[in-house]
Structures are given as C-alpha cells and as structure tokens.
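Colleague: Mind having a look at this structure? Questions to follow.
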Amino acid sequence: MEATAPSGPISIGTTGGWDSVGVTVPTEILPYLPSYFNLDSFALAGATQIYTEHTRPLVKPIISAGAVDSTYAENAAPSTSQPFGMSSFTFGGTKYARLVLASYESLMNSELPLQGVILDELLSSLATTLTTATTTAFVAALVAAASTLAVGVSGSGGSVYTSMIDLRHAIPPRFDLPTNKWMLSRATLAEIRNTRASTSGVPMFSPDGGLLFDRPYVINDNLDTASGAGAGFVAFGSFADGVWLRRTPLMTRVFLELYAQSGQIGYRTQQWADQHFLAELAGAAQPPSFQPLYYTNVVSET
C-alpha cells in the first residue's frame, strides 16, 4: 500500500466508483484502520458495499422472478408478456461524526503515543456505531418477516443442535454458497459451543477453529441487544445477496490550527451511511422468489 504524498490523503480500494472500497484518509491514519475494519461486522460477513462520494438519494432496483416458464409446442412461442416483479430501495445517508479535543499538555506529557490512541479509538468508535445501527435495522427486517425467515425460533426446533442444522439448510440452493457466513454474538457462540449430548455430555460442536457446520462465523455482539432476547440470535446465509451498505469515504481530520488559541488539537471522524436488506421485501406484494438470509434464536433451546 503506497501513498503519493507522505501526509496527503490516499484512496484505499480496488477500483473506482461504486465497486470501490474507497476510503480516503490521511496516511498517518493507516496504522489504525484495522480498528475500523475489524469491528465492521457486516463488511466482514461479505455484505455488498456501495461506496459513493455524495449523499444524494440512490435507488437500487430489485427484480423478482415472477411467473414460471411455460411449455410450448414446436414452432410456438409466448405472445403475452410475463414481466418480472419490480421493487426498489432508496438509499440515503445518515451523517455519523465525532470530534475529540486534546490539550497540548496532555499530548506532551503522556508517556504513550496519545495521538495514536485517540485515532485508534475514534475509528473503532465509528465502526461500532455503524455496526450497531445496521444491526438494529437488520434484526428488525428479519423479525418482521418471521413467518418466512425464522427457523426453530423459541424452542420449536427442540434443541440448539437441531435449530442450527435447520438454519444451515434453510438457505435455497441459489444462495447456498461457500462464502456464506454465520453472524452471532460471543455469548451465543459460547452457548452453542457448550451444547452437549444429554447422555454422554460430549460437545455437539467442535470447540476449535472458526467454523460451524463447515461455514465461517462473524462476531456481532449487537445482535443480543437488537433482538431484545439476550444471547441466542443467529443469522446465516449469503450477506452479499441480502445486505447492502451505502457508505461514503471515511473522513478523518486532524485540526492543528483551528483550536490552537485554546491550546488544543482537534481530531474528527465522519462518514455517511445507510443500509437496506432483501428481507424487507419478504412481505411485499411481489416478494423475491428466494431469500438469502434466515435466522433462529437458540435462547430457549435445550
């Protein structure tokens, strides 16, 4: 990763436009970016990220398969249109920002690299805020479509193991991909890992590695709060097909002069974000033919 100027802003990404990871930051921020990315649970799960350099409304069409194909005799063909079902999402942009002031004395007298600590905490705080907001909307979308997307909720699966198996195999073949991931909290993961056979006491899941039923998992502790039921909420499937994150570049600034009169230096992070989920259309007039994400809640399982 190289920059054209030692202290100028650079853009981190693979391409330009909406397909880019396009995060613009001063180069002195680079060592602290893992604090942001490691807490961005939905990006880690593979959600589709739409990056724009503006916050104007952005409309994303959603096409449903509609009617099934018909059969015809030789030399015959359809004469009546059977259009797809059409829905859409409109992405806006909520502004998230935080400013922290540090005095010259605190910066000079700290035995630790205080500026680095401030930047590290600012970036992690922003990522946590965005993940919390996205999780709240995500859980609401899934729960609103419970009749379609819920698997083994509140003990109906009979056991943690049964519910997890049912969830693993609820994803239709179209979205049953090797890149699919589980999303759950640390408390839920501990509960699942500690599930044991009732007679022998042998763990039902391996306590090692980063896989559950041969698929990786992403930790998101916000699920416990957002679900309102404590530990137990688990989502699984293709986040790339079911979650869209609209983001602007991450803007981080260090103000050396603006607060100089009061003997302070300012540090600010800022980003606009919005999100939508295919689950929002599960109850639409023309719902998508298949859903890529399902969920269960093992809180009441035995």
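The values are calculated or read from the model by the stated rules, or taken from the named source; none is laboratory data. Worth saying up front: this structure is predicted, and the values here are computed from it rather than measured. For neighbour counting, all protein chains shown are included, and Cβ atoms are generated from backbone atoms with ideal geometry for every residue, glycine included. The accessibility values were calculated without ligands, DNA or RNA, using every heavy atom of the protein model including side chains. Shrake-Rupley method; radii C 1.70, N 1.55, O 1.52, S 1.80 Å.
Colleague: Which residues does a label at Met251 reach in segment 112-135, if reach means a backbone N under 18 Å from a point 7 Å past the Cα toward the Cβ?
Modeller: 122-123, 126-127, 130
Colleague: Let me ask something else about it. Would you please give the FRET efficiency between Ala260 and Glu121, computed as 1/(1 + (r/R0)^6) with r the Cβ-Cβ distance and R0 = 22 Å, to the nearest 0.05?
Modeller: According to the calculation, E is roughly 0.45.
Colleague: Expressed in nm to one decimal, what extension gain is obtained for the pair Met86 and Gln270 from 0.36 nm per residue of sequence separation less their Cα-Cα distance? Intermediate values should be presented prior to the final figure.
Modeller: Values: separation 184, 0.36 × 184 = 66.24 nm, distance 3.44 nm.
Roughly 62.8 nm would be gained on extension.
Colleague: Could you tell me the calculated FRET efficiency between Arg98 and Asn194, based on Cβ-Cβ distance and R0 = 35 angstrom, to the nearest 0.05?
Modeller: 0.40
Colleague: What number comes out for accessible area per residue over the chain if the probe is 1.4 Å? Units Å², please. Numbers along the way, then the final one.
Modeller: Details: 15470 Å² over 302 residues.
Result: 51 Å² of accessible area for each residue.
Colleague: Collect residues whose amide H, placed 1.01 Å from N in the peptide plane, falls under 5 Å from the amide H of Phe205; neighbours closer than 5 in sequence don't count.
Modeller: Thr195
Colleague: Quote the FRET efficiency, to the nearest 0.05, computed for His169 versus Ala140 with a Förster distance R0 of 30 Å and r equal to the Cβ-Cβ distance.
Modeller: It comes to 0.75.
Colleague: Also: For the chain, set up a GNM with springs between Cα atoms under 10 Å and report which of Leu101, Leu142, Leu33 has the largest fluctuation.
Modeller: The residue with the greatest mean-square fluctuation here is Leu101.
Colleague: Taking the DSSP beta bridges in the chain as the whole, what percent of them are antiparallel, to the nearest 5?
Modeller: 85
Colleague: I would also like to ask the following. Most mobile of Ala76, Ala137, Ala273 per a Gaussian network model of the chain (Cα springs, under 10 Å)?
Modeller: Result for the chain, Cα springs under 10 Å: Ala76 fluctuates most.
Colleague: Multiplying the sequence separation of Glu111 and Leu177 by 0.36 nm and subtracting their Cα-Cα distance, what value in nm do you get?
Modeller: That works out to 18.8 nm of additional length.
Colleague: If you line up the long axis of helix 114-144 against the longest principal axis of the chain, both from Cα atoms, how many degrees apart are they, to the nearest 10?
Modeller: With both axes taken from Cα atoms, the answer is about 20 degrees.
Colleague: I've got another one for you. Once you have the Cα-Cα distance between Phe37 and Thr148, take 0.36 nm times their residue separation minus that, and quote the gain in nm to one decimal.
Modeller: Details: separation 111, 0.36 × 111 = 39.96 nm, distance 3.18 nm.
Full-extension gain reported as 36.8 nm.
Colleague: Across segment 212-224, in residue order, what do the Karplus-derived ³J(HN,Hα) couplings come to in whole Hz, using 6.51 cos²θ - 1.76 cosθ + 1.60 with θ = phi - 60° and x for Gly and Pro?
Modeller: Computed from phi, the couplings for segment 212-224 are 10, 6, 6, 10, x, 10, 10, 7, 9, 5, 5, 4, 5 Hz.
Colleague: Test of understanding: in a Gaussian network model of the chain with alpha carbons linked when under 10 Å, which of Met183, Met164, Met251 would top the mean-square fluctuation ranking?
Modeller: Top of the fluctuation ranking is Met251.
Colleague: Given H placed 1.01 Å from N in the peptide plane, which residues other than close sequence neighbours of Tyr96 have an amide H under 5 Å from its amide H?
Modeller: Sorted by chain and number, the residues that satisfy this are Gln271, Trp272, Ala273.
Colleague: Out of the total accessible area of segment 115-241 (probe 1.4 Å, heavy atoms of protein only), what percent is carbon and sulfur? Don't skip to the answer; put the middle values down first.
Modeller: Numbers: 2950 of 5420 Å².
The value for segment 115-241 is 54 percent carbon and sulfur by accessible area.
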